[in-house]
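Quick notes on the structure that follows.
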Amino acid sequence: MKRQDDLLLWSFLIAIASMWGSAYLFIWLSVTMVPPFALAGLRGSIGAIALAALFPIIGQRFGLSRDHLVPMVVLGMTNGWLSNVLTALAAPQIDSAKAGMINASTPLFTMLLAHVWIRQERLHTGTVLGLIVGFAGIFVLIGPEAVLGGSGTLLGHLLIIGVALCYAAGTVYGRLKKPSNPAQLALGQLVCAAIPAALVSAVIETDWHLPRQPVVILSLLALGVYCTALPAVMYWTLLRRFPATNVATVSYIIPVWAAALGVTILGEPLTWHAVVGCGVVLLGVWIANHAAGRQS
């Protein structure tokens, strides 16, 4: 039975990582034709429609809890429109492979914010060591060309670090609120991601029309369905059956998948310091997680 459970766990983890890791590819394919707020609004809208369509299949009922209203708005911002807008703004200035690697630092920022907001998750010697190693990896990953304007500007890298901070803030906020129905909250979160982005786009992004190019249309559909709705359902399935620490392993696979797609499909260069830096970031995450697990 344990062998079957391990096979199920890793099959789902690889599938989820491929979905979330592919988001960088599809954003980079879309962003030349779709402005940032419109892209965020479309991803949220398509994702919400797809997730709502999956509700009967996964045995979920539609409903709105009063306790979910504020979390929907907050997570719709941190994990929705704001993170998507920052990613879209960064896309012309940084390779997708590097963006995926930098996002591997999200658990590091999560631990920092949890230290401030969650009394039970204070930093100690082991986790601080992991954070130091991880942030050193970010410095190596960014590399000298970010400053010199080679394969990415410093602003592009900082925008992706901002995305990692958004996801970290959303993770910590979710831990604090502990939603009674994660599926309903996720659907509301997507709606609250789509509406503000669409409203801002209607005001400031008036000089564009939805492209007819198949690659852009398919990329937008993939962002909403393949990279948003489907992995959410699979992630909840794993959390119901396996410990959260096992499920969190997905964060180690996502940057590898994102980098592989960027290099093979978009033809992006892969520098030695990007690979080494990403490895050091993941090492720092592992050290910090391992130390936190022993402490608990």
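What label, among (i) 141; (ii) 198; (iii) 158, belongs to volume of the Cα convex hull per residue in Å³ computed from the structure on display?
Read-out taken from this structure: (i).
Which of Val31, Leu141, Val116 sits closest to the plus end of the dipole of region 1-155, meaning its Cα is farthest towards the positive end, when Lys and Arg get +1 and Asp and Glu get -1 on the C-beta?
Val116
Distance in nm between label sites at Thr32 and Leu69, each 7 Å beyond Cα in the beta-carbon direction?
Result for the modelled spin labels: 4.5 nm.
Using a Förster distance of 25 Å, how high is the FRET efficiency between Leu199 and Leu158, based on the Cβ-Cβ distance and rounded to 0.05?
Working: r = 26 Å, r/R0 = 1.05.
With R0 = 25 Å, the Cβ-Cβ based efficiency is 0.40.
Provide the gained length on full extension for the span His273 to Arg3, in nm with one decimal, where the gain is 0.36 nm per separating residue minus the Cα-Cα distance. Each step should come with its number before you reach the end.
Details: separation 270, 0.36 × 270 = 97.20 nm, distance 3.71 nm.
Value of the extension gain: 93.5 nm.
In nm, to one decimal, how far is the modelled label at Leu283 from the one at Ala15, with both set 7 Å along Cα→Cβ?
Calculated label separation equals 3.4 nm.
Positive end of the dipole of the chain, charges at C-beta (+1 Lys, Arg; -1 Asp, Glu), about the Cα centre: which of Ala202, Val263, Ile14 has its Cα farthest in that direction?
Toward the positive end, the furthest listed residue is Ile14.
Using R₀ = 45 Å, calculate the FRET efficiency as 1/(1 + (r/R₀)^6) where r is the Cβ-Cβ separation of Leu221 and Val116; round to 0.05. Don't skip to the answer; put the middle values down first.
On the way: r = 39 Å, r/R0 = 0.86.
Taking R0 as 45 Å, the efficiency between Leu221 and Val116 is 0.70.
Which value, in debye to the nearest 20, describes the size of the charge dipole of the chain about its Cα centre when Lys and Arg Cβ atoms bear +1, Asp and Glu Cβ atoms bear -1, and nothing else is charged?
960
Under 8 Å for C-alpha pairs, at least 6 residues apart: give me the relative contact order for the chain, rounded to a whole percent.
42
Checking understanding here: applying a Kyte-Doolittle mean of at least 0.0 and a length along the axis of at least 20 Å (C-alpha), which whole DSSP H helices in the chain pass?
Helices meeting the criterion: 2-30, 36-54, 125-142, 154-177, 182-204, 250-264, 272-295.
Can you give the FRET efficiency to the nearest 0.05 for Phe135 and Arg241, using r as the Cβ-Cβ distance and R₀ = 22 Å?
Computed FRET efficiency for Phe135 and Arg241 comes out at 0.10.
In region 166-235, which trypsin sites (Lys or Arg not before Pro) are in a loop and have at most 14 other Cβ atoms within 10 Å, using DSSP for the loop call?
Arg212
Quick note: the coordinates plus some simple rules give every number you see, no bench work behind them. Note that this is a predicted model, so its numbers are computed, not measured. With ideal geometry, Cβ positions are generated from the backbone for all residues, glycine too; neighbour counts draw on all protein chains shown.
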